[in-house]
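The values are calculated or read from the model by the stated rules, or taken from the named source; none is laboratory data. Just so it is clear, the structure is predicted and the values come from calculations on it, not from any experiment. Don't worry about glycine lacking a Cβ; one is built from the backbone with ideal geometry, like all the others, and counts go over all protein chains shown.
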Amino acid sequence: MNQLPPANRRRFLRNTALLGGALAAVPNPFSAAASELPIGKITVGVIGCGSVSRMYLPNLAACPHVELVSACDIIPERAKRAAEKFRIPNHYPGIAPMLTGAPFDLLVNLTDMQEHEHLNRQAIEAGKHVWSEKPIANSLAAGQELLALAQGKGLRLWGAPTVVQSPQFAFMAKTLADGTLGRVASAHASYGHLGPDWAAFFYTKGGGSLPDLGVYNLTFLTGLLGPGRSVAAMTGIVTPKRNVQGKGEVTVTEEDNAMVLLDHGNGLLSHIECGFNYFNPEDHAYTGQDHHTLSVTGRNGLMKLAGYDWGPHAVDLSTAQEPKFKRYADAKHAYVWENGASLCAECLATGKEPLFTPEHALHVVEIITAARESQVAGKHVKLSSTFKWPVVT
């Protein structure tokens, strides 16, 4: 997958999915863990068989802890195709028949982001564990209600993204914990492209560049620096009309451009920018790229992440003792952004806990809603949620 031609994320996912038979030649990312853990199977139902499922389903099929039982999509033909391709015995046109159909343990929710909250609730009420693509819910209060509902039923709820699982995150977290950068002052992260053209939900109520793109950087930086205490932000719409495949021109009602400032306490500030108007000639080249997308600066050093935090490549570090940048965490690794549901299945099967938590995901949901409130009110907005930190193995 080195040096893919310029493309938006839709084309990146599609091109990767077309590798097809080449998947058999890719090392199983779960093989090392599987050799050390007792094999238990978790039955899985996947709802949403569109673009994102083309990455998730091969990953789930490769996981020794997963037995794919059901596929579901409001376009029945998509569910049927996914079921045939991955030998899934059951497929359904909606969540109701899926939840009352063939039994399964874990729902993997890959639907439009506006649908996550109510589908997650239905699954939990039906006694299913849930892995949800971002976001878990549309507000902190709703997400906390879902989490309480799940805990009351003895169920687990998790949500994307999984960026804290990467070896690059681990290296950066350890570097900070060791005090290598000295007193940390600031951090910056950026993620953007020209915007998806295959679905309108990115641009309508409940969509936007913050829950689609900014969520990755917000998760990574709060994972490194700790929960945010307050938010100041500006958001806007640069391109008020978008052409979407199958729908024609749609009106953009959610931000396609955002700048977010976070106060982490003790003078430490971070800045995240994201948008659907960013030209990048390399775009989503996945491996081998040196584009720095995230940096953390202290009085004694600076480190920069090469590659996107959902597809990291390495970390470049400069310190007062060794000013010339040196590359770390650049070895080949098994981390991929679509591995969250598989790690949840492993957790349910073996008890091995992932580093991502629902509380962290909900903290990021609160940051996103606070950023929008800050834009409207023109003021700092205090945050009330938190999560277990530091995030360490």
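Structural remarks
- Filtered by the rule that a residue be of a type in the set (D, E, K, R), surrounded by fewer than 19 Cβ atoms within 10 Å (Cβ to Cβ) and not in a loop (DSSP other than H, G, I, E, B), the range 347-371 gives a lone residue, 359.
- Matching residues, the range 72-96, being under 25 Å from the mean Cα position of the chain (by Cα), outside any loop (DSSP other than H, G, I, E, B) and under 22 Å from residue 128 (Cα atoms): 72, 79, 82, 83, 95
- Within the range 295-334, the set of residues being in a loop (DSSP other than H, G, I, E, B) and either among the acidic types (Asp, Glu) or touching a residue at least 24 places away in the same chain (Cβ under 8 Å) (or both) comprises 299, 300, 309, 310, 320, 322, 329, 330, 331, 333, 334.
- Residue in the range 335-346 that is among the aromatic types (Phe, Trp, Tyr), in a strand (DSSP E or B) and surrounded by fewer than 19 Cβ atoms within 10 Å (Cβ to Cβ) present: no
- Of the residues 175, 162, 180, the single one that is of a type in the set (Ser, Thr, Tyr) and in contact with a helix residue (DSSP H, G or I) (Cβ under 8 Å, 6 or more places away or on another chain) is 162.
- Qualifying residues in the range 14-65 (those that are more than 23 Å from residue 80 (Cα to Cα) and assigned to a helix (DSSP H, G or I)) - the one modelled with the highest pLDDT: 36
This table checks each residue for (1) at pLDDT 95 or above; (2) of a type in the set (A, V, I, L, M, F, W, C); (3) out of contact with any His (no Cβ under 6 Å at 6 or more places or on another chain).
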position	(1), (2), (3)
106	yes, yes, no
125	yes, no, yes
133	yes, no, yes
137	yes, yes, yes
160	yes, yes, yes
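- For the range 168-197, taking the residues that are in contact with a strand residue (DSSP E or B) (Cβ under 7 Å, 6 or more places away or on another chain) and under 19 Å from residue 113 (Cα atoms), the one that is surrounded by the fewest Cβ atoms within 10 Å (Cβ to Cβ) is identified as 197.
- Cβ-Cβ under 7 Å pairs, at least 6 apart or on other chains, the range 176-196 side in contact (Cβ under 8 Å) with a residue 12 or more places away in the chain and of a type in the set (Lys, Arg), far side crowded, with 18+ Cβ neighbours inside 10 Å and assigned to a strand (DSSP E or B): 183/298
- Scanning the range 233-266 for residues that are buried (at least 17 other Cβ atoms within 10 Å of the Cβ) and acidic (Asp, Glu) yields 254, 255, 256, 263.
- Restricting attention to the range 120-136 and to residues that are of a type outside the set (D, E, K, R) and surrounded by fewer than 24 Cβ atoms within 10 Å (Cβ to Cβ), the residue that is farthest from residue 360 (Cα to Cα) turns out to be 126.
- Residue match in the range 239-247 (condition: within 25 Å of residue 164 (Cβ to Cβ) and not polar (S, T, N, Q)): no
- Qualifying residue in the range 132-141 (condition: without any contact (Cβ under 8 Å) to a residue 60 or more places away in the chain, out of contact with any Leu (no Cβ under 6 Å at 6 or more places or on another chain) and part of a helix (DSSP H, G or I)): yes
- Some residue of the range 104-111 being farther than 30 Å from residue 384 by Cα, out of contact with any Cys (no Cβ under 7 Å at 6 or more places or on another chain) and touching a residue at least 40 places away in the same chain (Cβ under 8 Å): yes
- For beta carbons closer than 9 Å, sequence separation of 6+ or different chains, a first residue in the range 362-373 that is under 17 Å from residue 147 (Cβ atoms) and a second that is among the basic types (Lys, Arg), the qualifying pairs are 364/134; 365/134.
- From the options 68, 57, residue that is within 20 Å of the chain's Cα centre (by Cα), buried (at least 19 other Cβ atoms within 10 Å of the Cβ) and free of Cβ contacts under 8 Å to residues at least 60 places away in the same chain: 57
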